[in-house]
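Participant: One structure, pasted below without further comment.
The values are calculated or read from the model by the stated rules, or taken from the named source; none is laboratory data. Everything quoted here is computed from the prediction, not taken from an experiment. All Cβ positions, glycine included, derive from the backbone under ideal geometry; neighbour counts span all protein chains shown. Ligands, DNA and RNA are excluded from the accessible area calculation, which covers all protein heavy atoms including side chains. Shrake-Rupley method; radii C 1.70, N 1.55, O 1.52, S 1.80 Å.
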Amino acid sequence: RNGLAKYGTDYSKVDKSHLQQEVNRLEESLSLERVALTQTRDELLNEQQRQVTNDEMLVSTTLAVLNRTNEALALEQAKRASLEEKIARLEKLLVEAEKEIQRLSLDPIRKAQSELQTVSPPLT
């Protein structure tokens, strides 16, 4: 319409070849715009796909690290449980050893007392 404004409302005076040139120019411009938009769209889609791929790789790597961390944690927990079990057994053995030491250290005293009583009866 802007191209026709200079002709007023009497379209009979319009130069048809000039109008065709204007239509051709506009169609060519529109075609170039479509190509540019298509290229921009394709570039954006490619960039988005690259970003999705990068995100997927990051998630995959994070999950692998998390799995290895969980495996290491499970192994450490098993080691800890084993150590706690060994400590409990050692503590039990220590209590038994202390009792045995006490019994052995009291045995000679009791034995001596017993021998004294057999040699000389208690005084009354």
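Participant: Could you go through region 32-44 and let me know if any residue there is open to solvent by 100 Å² or more (accessible area, probe 1.4 Å), at pLDDT 95 or above, acidic (D, E) and part of a helix (DSSP H, G or I).
Facilitator: Step one: list which residues in region 32-44 are open to solvent by 100 Å² or more (accessible area, probe 1.4 Å), which gives 32-34, 37, 39, 41, 43-44.
From what is left, the residues that are at pLDDT 95 or above are 32-34, 37, 39, 41, 43-44.
Going one step further and asking which of them are acidic (D, E), we end up with 33, 43.
Still in the list and also part of a helix (DSSP H, G or I): 33, 43.
The answer is yes; a qualifying residue exists.
Participant: Here's something else I'd like to know. Mind telling me which of the residues K111, K79 ends up being in a helix (DSSP H, G or I), open to solvent by 80 Å² or more (accessible area, probe 1.4 Å) and modelled with pLDDT of 95 or more?
Facilitator: Exactly one residue qualifies, and that residue is K79.
Participant: Can you tell me which of E98, E84 is in a helix (DSSP H, G or I), open to solvent by 80 Å² or more (accessible area, probe 1.4 Å) and at pLDDT 95 or above?
Facilitator: Testing whether each residue is in a helix (DSSP H, G or I), open to solvent by 80 Å² or more (accessible area, probe 1.4 Å) and at pLDDT 95 or above leaves just E84.
Participant: Let me ask you something else. Pairs please, first residue from region 40-59 and in contact (Cβ under 8 Å) with a residue 12 or more places away in the chain, second anywhere and in a helix (DSSP H, G or I) and open to solvent by less than 80 Å² (accessible area, probe 1.4 Å), Cβ atoms under 7 Å, 6+ apart in sequence or on different chains.
Facilitator: Note: no pairs meet the criteria.
Participant: Now, a different point. Quick one: would you say V52 is part of a helix (DSSP H, G or I) and under 38 Å from the mean Cα position of the chain (by Cα)? Step through it out loud before you land on a result.
Facilitator: Working: part of a helix (DSSP H, G or I): yes; under 38 Å from the mean Cα position of the chain (by Cα): yes.
Yes: the conditions hold for V52.
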